[in-house]
Amino acid sequence: MSKKKFVVACYDDDDQLFPAIKKCREAGYKIHDIYTPFPVHGLDHALGMRETSLHTAGFIYGITGTTTALSCMTWILTSDWPQIYDGKPHFALPAFIPITFELTVMFAAVGMVMTFMWLCKMAPGVKKHHFDLRATDDLFVMPIECTSKTNVDDLQSFLKSTGAMKVNVQEAETEWWWGRYDVDDEPHLIQDVPVDAA
């Protein structure tokens, strides 16, 4: 696995995070991602991310479910196994509505969950590097990817000036891999530079 170098800034308040993101983007640094202990409204816009297309995928999955339900019931009750129930016609559309609704919802829900998991590379046994374990507790973590032109010392000083409570340098695998957190070791932490020590 190829590892990349990151300078990781940790903030203890989202009020400090937003100005820091703006300053980093204006300075031309590449923000890898933001890890937060809870959903933060407006973070996607601050990072310049485009709107998700997940709702479009949900619509397509829903239409697929509707088409599947109507097609199957029509074929079964008009061609494959036509029977007369209390004088109803073979194509009794009002009777098809409950099953059509349920398949529409099921296809849309399951399809959107599977698409979300695929795009976010989430699955049982999939492991990704944690830049800071407190990101799921009380810290807002912003890793910045280093390039060949990045001066790490200058970047660390810059992040400290934005209000980061601690800054460290890490080498990490950016992609997912198969493994277990309770067995495999975390990628090597190069150095940890708390702001207080600087």
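The values are calculated or read from the model by the stated rules, or taken from the named source; none is laboratory data. Since the model is a prediction, treat every value here as computed from it, not as a measurement. Don't worry about glycine lacking a Cβ; one is built from the backbone with ideal geometry, like all the others, and counts go over all protein chains shown.
Of the residues screened, GLU26 is one that is of a type outside the set (S, T, N, Q) and assigned to a helix (DSSP H, G or I). Checked against (1) free of Cβ contacts under 8 Å to residues at least 24 places away in the same chain; (2) within 26 Å of TRP176 (Cβ to Cβ); (3) in contact with a Leu (Cβ under 7 Å, 6 or more places away or on another chain), MET112 passes all but condition (1). Take the conditions (1) modelled with pLDDT of 90 or more; (2) of a type outside the set (A, V, I, L, M, F, W, C); (3) not in a loop (DSSP other than H, G, I, E, B); HIS45 misses just one of them, which is (1). Out of everything in segment 79-104 that is surrounded by 13 or more Cβ atoms within 10 Å (Cβ to Cβ) and in a helix (DSSP H, G or I), what residue ends up being nearest to the chain's Cα centre (by Cα)? If we take residues in segment 79-104 being surrounded by 13 or more Cβ atoms within 10 Å (Cβ to Cβ) and in a helix (DSSP H, G or I), then THR104 is nearest to the chain's Cα centre (by Cα). Selection within segment 1-24: residues that are among the acidic types (Asp, Glu) and touching a strand residue (DSSP E or B) at 6+ places or on another chain (Cβ under 8 Å). The member of this set that is nearest to VAL167 (Cα to Cα) is ASP12.
The numbered conditions (1) in the same structural domain as LEU43 (by TED's automatic domain parsing); (2) loosely packed, with under 14 Cβ neighbours inside 10 Å are all true for ILE144 except (2).
Of the residues THR36, THR67, THR56, the single one that is free of Cβ contacts under 8 Å to residues at least 60 places away in the same chain and either closer than 29 Å to GLY163 by Cα or surrounded by fewer than 13 Cβ atoms within 10 Å (Cβ to Cβ) (or both) is THR56.
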